[in-house]
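S.K.: After the structure tokens below, expect a handful of questions from me.
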Amino acid sequence: MEHILSLIVFFPLIAMFFGFVISKDSVKTFGIAVALVEFIFSIILWIGFDAGNAGFQFVEYAPLISQFGVNYYLGVDGISLFLVVLSTLMTLVSLISLNIKKDIKNLVLAILFLEMTLVGVFLSLDMILFYIFWELSLIPMLYIIGAWGSGQRIYAAIKFFLYTFAGSALMLVGILYLGYQYYLATGTWSFSIPDWHLLVLPFHTQLWLFGAFFVDFAVKVPMFPFHTWLPYAHGQAPTVGSVLLAAVMLKMGTYAFIRFSLPFFPDASVYFLYPIAVIAIIMVIYAAMVAYAQEDMKQVIAYSSISHMGIIILGTFAMNAEGITGSIFLMLSHGIVSGALFMLVGVIYDRRHTKMIDEFGGLATVMPRYATIFGILMMAAVGLPLTIGFVGEFLSLLGFYAVNPYMAFLAGTGIILGAVYMLVLYKRAFFGKLVKQENKDLKDLDKREFTALIPLVALVIILGVYPKPVLTTIDMSVKKMINLMERKALLPETKELLVRVNKVGGTK
Amino acid sequence: MEKYLYVALFAPLAGALFSLLFTAQKKNVITALVTSGLLLISFVSSLTLMFAVHDGLTLHVKMMGWISAGNLSLPYGFIVDNVSVVMMVTVTLVSAVVNIYSMGYMMHDKSYNRFFTYISMFVFSMLILVMSDNFVGLFIGWEGVGLCSYLLIGFWYEKESASWAGNEAFIMNRVADLGMLMGLFLIYWQFGTFSYDEIFAHVGSVNTGIVTTIGLLLFVGAMGKSAQFPFHTWLADAMEGPTPVSALIHAATMVTAGVYLVIRASDLFSLVPEVGHIIATLGAFVAVFAASMALVHRDLKKIIAYSTLSQLGYMFVAAGLGAYWIALFHLMTHAFFKSLLFLGAGNIMHAMDDELDIKKMGGLFKVMPYTAILMAIASVALCGVYPFAGFFSKDAILASAFNGGNFYIWFTLFIGAGMTAFYSFRLIMLVFFGDKVYKKLGFHPHETYPFVLWALLPLGILSTIAGFFEHPFEEFVTKVLDKYEFSMAHSTEIGLIFLTSAFVIIVIVATIYKYAKGGFSKQLETMPLYLLLKNQYYIPKIYEEVIFKPYYALSKFAWKQIDVRIIDFTVDLIAKTLYKTGQESRKMQSGNLSDMLRWMVVGIVVLLALAIFYRPMM
């Protein structure tokens, strides 16, 4: 167990190099096997994880550039643990569901490379290391969209790459400046995240640095108005690309808010709380409306992601354990649910080579199993209790209610608008009479699709009925982080808000 | 006794899971038999629990943890006390009857197995709703019944109108649920818990303003589920679902969940009588508002649906005025006679090949006498004729309105009672008596299967005699609920009862007489008032024009104009500008020596200028 984190990060990379010599016909099996082993590693990590310890565990440390305090530094806590498991699970599932024939080898290897970068992002405890993984993750996704996409795939891929890359450039400046600030404050160089967590920055510096980090994270999440790359990327990406993009890559942004923005800049985070909350509310309502207007199934799911990410942001900026734990759980649930929904759209796209809603109608008659699974996931997407979707949404909104009830109410309209676009989509695609000749002999789900979807459906229900073990593990680390923020806070306003939103019983 | 609790709760779930296995297969009677059996087991367990509760037992179990985050720790907890056990018995009894009835009703449906899965799933959700010991548990059931209602309204999903109605019901309930959710959040940040016991223990020490807000927000949720104005339109459209579903969900059980919520949280509502007053006023309004639409409708099921709506208004009056036990009593008696009425309507639809227009029936008494008798019993019970069940519960509601000095509410309800009598007997007369219109239209009606009629018998008996249990019932539930004291003189009470009964009976007799003579003239149907009622006060139309269409147009606008035209255009513009700048400035690198020298001079000038004028601030 000593080097399990390194193993989890680099196993897919090593396997990828071996993959180059595997024959084209067996490379998918190889990929699944690797992803399965990787998934088992992450489960072992979960089992070995000490749920009573809120700090970083399984820490690995080796100096890289010691003059500048850049180190190989990995660690896992309650906040990142489940995101790692989510990454390995979704990679495995998306590989199982894969049915692209063209250049399959390159695709599988790209996915394995992507897996390494995703896991690396969540496990890095050194800013430079984090930045490397963060940027490297763009390359396989650029390749996946650009090479296996449809329609305007080159435009979409480049837009995705340049947009997120431009944001990152700003963050890099921020990272370097923050490293310099650390040097000024302590006299030694360090880029380690736990060190930076302890660094207290002057308020004005916090504001600038928060801004530099914010732009990058906002593009990644994506937050309104930086979101327009997302519909293109999803629209053109192959199913596997959309699944990994929605399920895991978007979570990098929200994870980064919790890992960096809040504890590095507590005063700036509170200072910008309301503007960010307004953006989040716009995301929830506006994206839900745009989703409702879509004619393409995949775009509905794509915009719905933006809407749900709005709730995650709101939960994060609730600044209390209810909200932040809820938002992390919502990241997991949205990962599973949106990933599964993209896969389901892929299923019908494989059969009909169209995603336009009007091309369907009455699918429940010919594909009852498909309709059932879609229905279950739809209910999870609209946050029905006892599905995975409810827990995170409920906690995030509950948390933010303590900050501002009216804003929580506005964001809460998402539960209505979400039901509107999802139910209308479902009705148009699955209900009604089956009229189109092309749809009359569509095949229901096959074995491959079942294998990929059933675990996700099972998780949707199991984690909806019994989320407690996951929640308590997350909650512990979140409480530690909030505690840190309270200790670091400079301004009395910040302290006051943190105390207010974390206190139950007679808030007014 | 705990095992009875778990059996009562989980037997329906077991039934749902069992029949779920068969959903993809051909019709299989075993699903109906197993689910019926399990519902009966659940009913028997509930009944056992009721006797135990009667002997003084209160069961309170925490099954396992569910959510915990921050200061919140929320387990699955269930409570069986005098209130919840009444609901359990009512729900399981009606659902068992409906399930058995459906074996006949759904006999030829191709989605037979799926139907029984949904019904059992519904019963399970409903039991969670009534048995939970905390507000979030109630919310689980609340959303669960909403889901089942959606699935069952849209059961015949090939029908456009059915799936539309399903969506309408779900979404409209969601709107109200948002209010309820906000109420829950406020509760949490006030009390730090969702558990009934802890909240009601401390509610007295909380600022009245906050309790009022909580009460109003919870009531918004109740309005959605119980289809109170302005959320009422979904209930009439919900009649697209199979008739047993209308009987079970949209008459006897789910729609009363809102009333149950007010009763369950009576410790909270009784602290803020102003909120109660709002509830009662709205209830009285809905009681006549809905009844007025029932007066002119020709659709068999919609008349009964509006009647349900109207009776829910009566229940809210009682609950709002603090007469919680009366509200619960009317809830129970109403469950019996209204589900009977719906199931009778189901028999008629079966006989008439799903025809719903009551003007196309007439004279059916001859062919289906048993159904006619059962429906007549249900109707007199609904109208509140002595000695049928409705007499006791409805009179108690009227008395409580008069007693509190809310004479306008009493008068509204009094008028409502007259309207109820009219539309009920208009329906009976048009369907069962008079000209045999159906013959001309080529229908061949027939009485339904005997086992279906036998299944209805318990409801018929209960509709007849349940009223006599008024005092034992009062004693039973007021162990938990507040007692309601009548302060008016006994003679006034008797006078009121006499007055109402006389009024109702006169209306019934007049209606029978009028329709026996051939009914009203066609000319009335051109009156503006008639059209207003017929078009449901144009409210669905208004919703369509003011909410649905503008929302869609706005959504399109947000996408096509804001997202594509403005935001994305700006993003691309930045990229294009950068690209253009590069393209243009490339010309500088022409390779021409004299050009290069000129640029060099420019560069030197700029650098010199900087050297002279720029002083870094050190």
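S.K.: Which three extents, in angstrom, do the Cα atoms of segment A:1-92 have along their principal axes, listed largest first?
M.R.: Extents along the principal axes: 44, 35, 19 Å.
S.K.: Here is a follow-up. Would you mind pulling out the separation of the Cα centroids of segment A:76-133 and segment A:4-20, in Å?
M.R.: Between the Cα centres of segment A:76-133 and segment A:4-20 lies a distance of 11 Å.
S.K.: Under a point spin-label approximation (7 Å from Cα along Cα-to-Cβ), what is the B:PHE520-B:PHE469 distance to one decimal in nm?
M.R.: 3.8 nm
S.K.: Further question: At q = 0.16, 0.17, 0.18, 0.23 Å⁻¹, what log₁₀ I(q)/I(0) does segment B:365-409 have when each alpha carbon counts as one equal point scatterer in the Debye sum?
M.R.: Ignoring solvent entirely, the Cα scatterers give -0.53, -0.56, -0.59, -0.75.
S.K.: For the protein assembly as shown, what is Rg from Cα atoms divided by 2.2 N^0.38 Å, rounded to two decimals?
M.R.: Working: Rg = 32.6 Å, N = 1126, 2.2 N^0.38 = 31.8 Å.
Relative to the 2.2 N^0.38 Å estimate, the protein assembly as shown comes out at 1.03.
S.K.: While we're here: Using helices alone, what [θ] at 222 nm do you get for chain B, with -39,500 (n - 2.57) per DSSP H run of 4 or more residues, divided over all residues and rounded to the nearest 500? Please list the in-between numbers first.
M.R.: Working: 27 runs with 431 residues, N = 618.
Calculated at 222 nm, the ellipticity per residue is -23000 deg cm²/dmol.
S.K.: Next question, about the same structure. What size of dipole, in debye to the nearest 20, comes out for segment A:272-508 about its Cα centre when the only charges are +1 on Lys and Arg C-beta atoms and -1 on Asp and Glu C-beta atoms?
M.R.: Dipole magnitude for segment A:272-508 comes out near 300 debye.
S.K.: Quantify how much of the Cα-Cα distance distribution of chain A extends past 35 Å, in percent.
M.R.: 29 percent
S.K.: Any of B:LYS110/B:LYS440; B:LYS159/B:LYS302; A:LYS427/B:LYS556 with alpha carbons more than 21 Å apart? Name them for me.
M.R.: Where the Cα-Cα span goes over 21 Å, the pairs concerned are B:LYS110/B:LYS440.
S.K.: Further question: Could you point to the residue in B:TRP66, A:ILE32, A:GLY241 farthest towards the positive end of the protein assembly as shown's charge dipole, with +1 and -1 charges on the Cβ of Lys/Arg and Asp/Glu respectively?
M.R.: Result: A:GLY241.
S.K.: Note down the relative contact order for segment A:272-508 as a percent, whole number, built from C-alpha pairs under 8 angstrom at least six residues apart.
M.R.: Relative contact order here is 28 percent.
S.K.: Next up: Return the sequence-ordered ³J(HN,Hα) values of segment A:287-293 in whole Hz as given by the Karplus equation 6.51 cos²θ - 1.76 cosθ + 1.60 applied to θ = phi - 60°, using x for Gly and Pro.
M.R.: Per residue, the Karplus-derived 3J(HN,Hα) values read 5, 5, 5, 4, 4, 5, 7 Hz.
S.K.: Which far-off residues, 5 or more places away or on another chain, put their amide H under 5 Å from the one on B:ASN28, with H placed in the peptide plane?
M.R.: Close amide H contacts, sequence-distant or interchain: B:ASN113.
S.K.: Over 15 Å apart: what share of the alpha carbon pairs of segment B:303-388 falls there, rounded to a whole percent?
M.R.: 62 percent
S.K.: What dipole magnitude, in Debye to the nearest 20, does chain A give about its Cα centre under +1 on Lys/Arg Cβ and -1 on Asp/Glu Cβ? Let's see the in-between values first.
M.R.: Details: 32 positive and 29 negative charges, 208 e Å.
That gives a dipole near 1000 debye.
S.K.: Could you list which residues have their amide H under 5 Å from that of B:SER132, counting only those 5 or more apart in sequence or on another chain, with H placed in the peptide plane?
M.R.: Sorted by chain and number, the residues that satisfy this are B:ILE79.
S.K.: Taking +1 at the Cβ of each Lys and Arg and -1 at the Cβ of each Asp and Glu, which of A:VAL347, A:LEU417, A:ILE461 sits farthest along the dipole of segment A:272-508 towards its positive end, judged by Cα position relative to the Cα centre?
M.R.: Comparing the listed Cα positions along the dipole, A:ILE461 ranks first.
S.K.: In whole angstrom, how far apart do the alpha carbon centroids of segment A:225-240 and segment B:370-396 sit?
M.R.: 62 Å
S.K.: What percent of all Cα-Cα pairs in segment A:281-389 falls in each 10 Å bin, counting up from 0?
M.R.: Percent of pairs per bin, in order: 14, 42, 31, 11, 2.
S.K.: Once you have the Kirkwood Rh of segment A:272-508 from its Cα pairs, apply Stokes-Einstein at 20 °C and 1.002 mPa s and quote D in µm²/s.
M.R.: Numbers: Rh = 18.8 Å.
Using the Kirkwood radius from Cα pairs, D works out to 114 µm²/s.
S.K.: Next question. Dipole magnitude of the protein assembly as shown about its Cα centre, charges +1 at Lys/Arg Cβ and -1 at Asp/Glu Cβ only, in debye to the nearest 20? Show your work: numbers first, answer last.
M.R.: Numbers: 71 positive and 67 negative charges, 527 e Å.
Computed charge dipole of the protein assembly as shown: roughly 2540 debye.
S.K.: How would you classify segment B:527-618 from its alpha-carbon gyration tensor, with a ≥ b ≥ c the square roots of the eigenvalues: rounded for a/c under 1.5, else prolate if a/b is greater than b/c, otherwise oblate?
M.R.: Prolate shape, in that a/c is at least 1.5 and a/b is the bigger ratio.
S.K.: Quick one: helix A:203-220 against the long Cα principal axis of chain A, what's the angle to the nearest 10°, folded into 0 to 90?
M.R.: 10 degrees
S.K.: Can you list residues from other chains, or at least 5 along the same chain, whose modelled amide H is less than 5 Å from the amide H of B:MET63?
M.R.: Amide H neighbours of B:MET63: B:TYR76, B:GLY77, B:PHE78.
S.K.: OK, next. Tell me the mean residue ellipticity at 222 nm calculated for chain A from its helices only (DSSP H runs of n ≥ 4, each -39500 (n - 2.57), averaged over every residue, nearest 500).
M.R.: -24000 deg cm²/dmol
S.K.: Moving on to the next point. Can you run phi through the Karplus equation (6.51, -1.76, 1.60; θ = phi - 60°) for segment B:29-40 and list ³J(HN,Hα) in whole Hz, with x for Gly and Pro?
M.R.: 4, 4, 4, 5, 5, 5, 5, 4, x, 5, 5, 5
S.K.: Let me ask something else. Whole-Hz Karplus ³J(HN,Hα) for segment A:238-255, in order, using 6.51 cos²θ - 1.76 cosθ + 1.60 and θ = phi - 60°, x for Gly and Pro?
M.R.: Residue by residue, segment A:238-255 yields x, 3, 4, x, 4, 4, 6, 4, 6, 6, 10, 5, 5, 5, 4, x, 5, 4 Hz.
S.K.: Let me ask something else about it. Give me D for segment B:70-196 in µm² s⁻¹, whole number, from Stokes-Einstein with Rh from the Kirkwood sum over alpha-carbon pairs, 4 °C and 1.567 mPa s.
M.R.: This corresponds to a translational diffusion coefficient of 80 µm²/s.
S.K.: Once the Cα gyration tensor of segment B:178-303 is found, what semi-axes does its equivalent ellipsoid get, as square roots of 5 times the eigenvalues, in whole Å, sorted largest first?
M.R.: Largest first, segment B:178-303 gives 32, 15, 11 Å.
S.K.: So how long is each side of chain B along the principal axes, counting just the alpha-carbon atoms, biggest first, in Å?
M.R.: Principal axes ranked by extent give 112, 63, 52 Å for the Cα atoms.
S.K.: Now for a different question. Step through the table entries B:LYS359/B:LYS394; A:LYS436/B:LYS301; B:LYS301/B:LYS541; A:LYS24/A:LYS298; A:LYS436/B:LYS27; B:LYS394/B:LYS541, compare each Cα-Cα distance with 22 Å, and write down the pairs that go over it.
M.R.: In this structure, B:LYS359/B:LYS394; A:LYS436/B:LYS301; A:LYS24/A:LYS298; A:LYS436/B:LYS27; B:LYS394/B:LYS541 exceed 22 Å between Cα atoms.
S.K.: Which value in Å is the Kirkwood Rh of segment A:348-469 over different Cα pairs? Before the final figure, lay out each step's value.
M.R.: Numbers: mean 1/r = 0.0620 Å⁻¹.
With all distinct Cα pairs of segment A:348-469 included, I get 16.1 Å.
S.K.: So what's Rg/Rh here for segment A:58-161, counting alpha carbon atoms and using the Kirkwood radius for Rh? Don't skip to the answer; put the middle values down first.
M.R.: Working: Rg = 16.0 Å, Rh = 15.2 Å.
On the Cα set of segment A:58-161, Rg over Rh gives 1.05.
S.K.: Have a look at B:ILE506, A:ALA288, B:MET182 and report the one farthest towards the positive end of the charge dipole of the protein assembly as shown, computed about the Cα centre with Cβ charges (Lys/Arg +1, Asp/Glu -1).
M.R.: Checked the options; the winner is A:ALA288.
S.K.: Could you please state, rounded to a whole Å, how far the C-alpha centre of segment A:387-425 is from the C-alpha centre of segment B:1-17?
M.R.: Going from one Cα centre to the other spans 31 Å.
S.K.: Next question, about the same structure. How big is segment B:274-421 by the Kirkwood estimate over distinct Cα pairs, in Å?
M.R.: 15.5 Å
Any read-out appearing in this document is the output of simple, stated calculations on the displayed coordinates, not a laboratory observation. Remember, it's a predicted structure, so these values are computed and weren't measured experimentally. Backbone-built Cβ (ideal geometry, glycine too); neighbour counts: all protein chains shown.
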